């Protein structure tokens, strides 16, 4: 059977990638290959010293992809690679065609839906603190329970410090991204909170940045880098997780547009086409993500209320679902792209006025009229401006061509 493609990921120490791996896709499954090895770690870094296999100790330290069987060739006389977790300690011998369970836990723990580290967890996490986040991701993805001793080790001050000191923010952000795209992202976040790692993951102390308020990330914080008051969540997305500027701006907009979104969801059925268009333009291209975030916030607030129940939560979800369906039926999903047919210089020439700050509010007024009358073209809108020139200019400061200032 021919693989779909073969890829190679080169080592890149600057990005905490210290081993080369190869991968192939067979039947839509990704299979990774890595050289058999044993690893030794120094106390102040997560860069391993790679050495040849020596003993069964190698079974307990290094890992391959979750739930994949390691394929071992006995003729090579190499024991299987080290393993992080007991849920991926099974190997398949090509010659005997037998599954090998070297730790004695590779079959039992998955049957019990339990995940643990074969070596003492403190030692495993100290060698490479990123394993903490991997274990959380695996447990939430498979709905496994993390062994109590592993949870206890995650809470140790030295492990928390190592997670901040040894792991780049890009690597942390990549793991959180994998959790958010996996089967059960809520479980991952709950586990991070349960083992008291929220500060280390989302709000670490970063030079030149404020200490972020973990308990309420909606609070606006002053970013020393920009001197602007920004929602703490947006700073965490950009600085703590190294997400893109686009993702950070979307999170920032969620809090800026919170009231706009709430009003839209509640009152959409009673709004005019003009009002819908204007508010959709305010939200911009990321409006769906913003609406989704607001839904999440409402559900989170419900969970904080001990008296809330599933019926109430279902009501919130139905409210947002109705709103999204109505947006689609109205054909307003792309309303954020709506642009005025009237250019500022055209309006200025028509009104015989010198271009200035007065044009922006007048263009907004013409845009609203355009939204209410989608059948009108540019010429008809220009005629509307001519007929309503004085009413449109009322309250605006402008300078006429060859004239003094008017208002």
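Among the conditions (1) in a loop (DSSP other than H, G, I, E, B); (2) in the same structural domain as residue 263 (by TED's automatic domain parsing); (3) loosely packed, with under 13 Cβ neighbours inside 10 Å, the only one that residue 332 does not satisfy is (3). Meeting the requirement of 2 or more residues that are touching a strand residue (DSSP E or B) at 6+ places or on another chain (Cβ under 9 Å) and either modelled with pLDDT of 85 or more or surrounded by 15 or more Cβ atoms within 10 Å (Cβ to Cβ) (or both), the helices (runs of 4 or more DSSP H) wholly within the stretch 215-286 are 232-235, 245-256. Hey, any hits in the stretch 165-181 for a residue that's modelled with pLDDT of 90 or more and either outside any helix (DSSP H, G or I) or touching a strand residue (DSSP E or B) at 6+ places or on another chain (Cβ under 6 Å) (or both)? No, the stretch 165-181 contains no residue that is modelled with pLDDT of 90 or more and either outside any helix (DSSP H, G or I) or touching a strand residue (DSSP E or B) at 6+ places or on another chain (Cβ under 6 Å) (or both). Summed over the stretch 73-99, residues that are surrounded by fewer than 17 Cβ atoms within 10 Å (Cβ to Cβ), at pLDDT below 80 and not in a loop (DSSP other than H, G, I, E, B) total 5.
Out of 362, 367, I need the residue that is within 30 Å of residue 289 (Cβ to Cβ) and either outside the structural domain of residue 398 (by TED's automatic domain parsing) or out of contact with any strand residue (DSSP E or B) (no Cβ under 6 Å at 6 or more places or on another chain) (or both). Which one? Give the steps one after another, and end with the answer.
Numbers: 362 fails: within 30 Å of residue 289 (Cβ to Cβ).
The conditions single out 367.
Taking the stretch 119-134 as the range and being in a loop (DSSP other than H, G, I, E, B) and more than 15 Å from residue 173 (Cβ to Cβ) as the test, the residues that pass are 119, 120, 128. Residue 328 satisfies every condition listed in (1) under 29 Å from residue 178 (Cα atoms); (2) at pLDDT 85 or above except (1). Scanning the stretch 300-324 for residues that are over 27 Å from residue 337 (Cα atoms) and surrounded by 16 or more Cβ atoms within 10 Å (Cβ to Cβ) yields 302, 316. The set of residues from the stretch 110-137 being free of Cβ contacts under 8 Å to residues at least 60 places away in the same chain, touching a strand residue (DSSP E or B) at 6+ places or on another chain (Cβ under 7 Å) and at negative phi comprises 114, 115, 135.
Inside the stretch 100-118, can you point out the residues that are assigned to a strand (DSSP E or B) and modelled with pLDDT of 85 or more? Before the answer, list the steps.
Going residue by residue through the stretch 100-118, those that are assigned to a strand (DSSP E or B) are 100-101, 114-115.
Result: 114, 115.
Considering only the stretch 11-33, how many residues are in contact with a strand residue (DSSP E or B) (Cβ under 8 Å, 6 or more places away or on another chain), at pLDDT 75 or above and in a loop (DSSP other than H, G, I, E, B)?
Taking the stretch 11-33 as the starting set, the residues that turn out to be in contact with a strand residue (DSSP E or B) (Cβ under 8 Å, 6 or more places away or on another chain) are 11, 17-25, 30-33.
Remaining after also requiring at pLDDT 75 or above: 20-25, 30-33.
Subset that is in a loop (DSSP other than H, G, I, E, B): 20.
The qualifying residues number 1.
The values are calculated or read from the model by the stated rules, or taken from the named source; none is laboratory data. Being a predicted model, the structure only gives us computed values, none of them experimental. Cβ coordinates were reconstructed from backbone atoms using ideal geometry, including for glycine residues, and neighbour counts include every protein chain displayed.
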